[in-house]
Amino acid sequence: MAEREITLRFLAEPGEVNFGGKVHGGAVMRWIDQAGYSCAVNWSQRYCVTVYVGGIRFLKPIQIGQLVEVEARVIYTGTTSMHIAVDVWARDLAHAERQRTTHCIIVFVAVDGSGKPVPVPAWEPVTEKDLSLRDYAQRLMHLREGIEKEMAKFHTT
Ligand SMILES: CC(C)(COP(=O)(O)OP(=O)(O)OC[C@H]1O[C@@H](n2cnc3c(N)ncnc32)[C@H](O)[C@@H]1OP(=O)(O)O)[C@@H](O)C(=O)NCCC(=O)NCCS
């Protein structure tokens, strides 16, 4: 049975430090990609590639030694694509309250052995929260059309 959500949980290690003494943004992006990839493969049961990473928002820094949770969930499926919302949370081990530190949407496409997109199982929203996340994904998709058009000019130069 395909699962829609996945959470990676681990400690922020000293090897991930940036010049300011907090967790490096590149490490956070790697975790986001790993969680998104796991979620997409879990859902589609196929190998997947990233086709788009949109609007990563770093809300708060993560301290070395904090417990990090990277939550990824499918919030919209097209024919071959899966839109995955990823939220990164962090908390001190000695405190129960966690804080959302990062949010972004990643789009993955399931591909066959030759890299050709293949259909994925459709995800149907059930709860009110599901519906609002599905609508959120669709609104972002429409907003991206303008950005895509603008960026396409750059691709040709
Ligand atoms: C992902 C890839 C296979 C898609 O190939 P393509 O020829 O563009 O395929 P399609 O036009 O049929 O699009 C496939 C899906 O991607 C979606 N897609 C394409 N461009 C997109 C974008 N900019 N943003 C969001 N989704 C996009 C399409 O909407 C389609 O989804 P749907 O089937 O659910 O409607 C191809 O672009 C690729 O190999 N990219 C490189 C992937 C990669 O190396 N990633 C980094 C390492 S994993």
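Taking only the alpha-carbon positions of segment 5-123 and ignoring solvent, what does the Debye formula give for the base-10 log of I(q)/I(0) at q = 0.11 Å⁻¹?
-0.38
Could you please state, rounded to a whole Å, how far the C-alpha centre of segment 11-51 is from the C-alpha centre of segment 64-88?
So the two Cα centres are separated by 10 Å.
Scan around Thr101 for amide H atoms under 5 Å from its own, H built in the peptide plane at 1.01 Å from N, and keep only partners 5 or more places away or cross-chain.
Close amide H contacts, sequence-distant or interchain: Val88, Trp89, Ala90.
So what is the 222 nm mean residue ellipticity for the chain from helices alone, if each DSSP H run of at least 4 adds -39500 (n - 2.57) and you divide by all residues, rounding to the nearest 500 deg cm²/dmol? Mind showing how you got there, number by number?
On the way: 2 runs with 48 residues, N = 157.
Helix-only estimate at 222 nm: -11000 deg cm²/dmol.
Residues of segment 69-83 with the amide nitrogen closer than 19 Å to a label point 7 Å from the Cα of Phe10, along Cα-to-Cβ, please.
Zone members listed by number: 69-73.
For Ser132, Ser38, what ranking results if the residue with the fewest other Cβ atoms within 10 Å of its Cβ goes first? Let's see the in-between values first.
On the way: Ser132 12, Ser38 18.
Final ranking by Cβ density, sparse to dense: Ser132, Ser38.
What are the residues whose amide H is under 5 Å from the amide H of Gly65, where those residues sit 5 or more places off or on another chain and H is modelled from the backbone?
Sorted by chain and number, the residues that satisfy this are Ala12, Glu13.
Report, ordered by chain and residue number, the aspartates and glutamates lying within cross-link reach of Lys153, taken as a straight Cα distance under 18 Å and ignoring same-chain residues fewer than 8 apart.
Once the sequence-local aspartates and glutamates are set aside, what remains near Lys153 is Glu145.
Among Cys39, Thr156, Ile62, whose Cα projects farthest towards the positive end of the dipole of the chain, with charges put on the beta-carbon of Lys, Arg (+1) and Asp, Glu (-1)?
The listed residue farthest towards the positive side: Thr156.
All of the numbers you see were taken from the coordinates with simple rules; none came from a lab. Here the structure is a predicted model, which is why all the values come from computation and not from measurement. Note: ideal-geometry Cβ built from the backbone for every residue, glycine included; neighbour counts use all protein chains shown.
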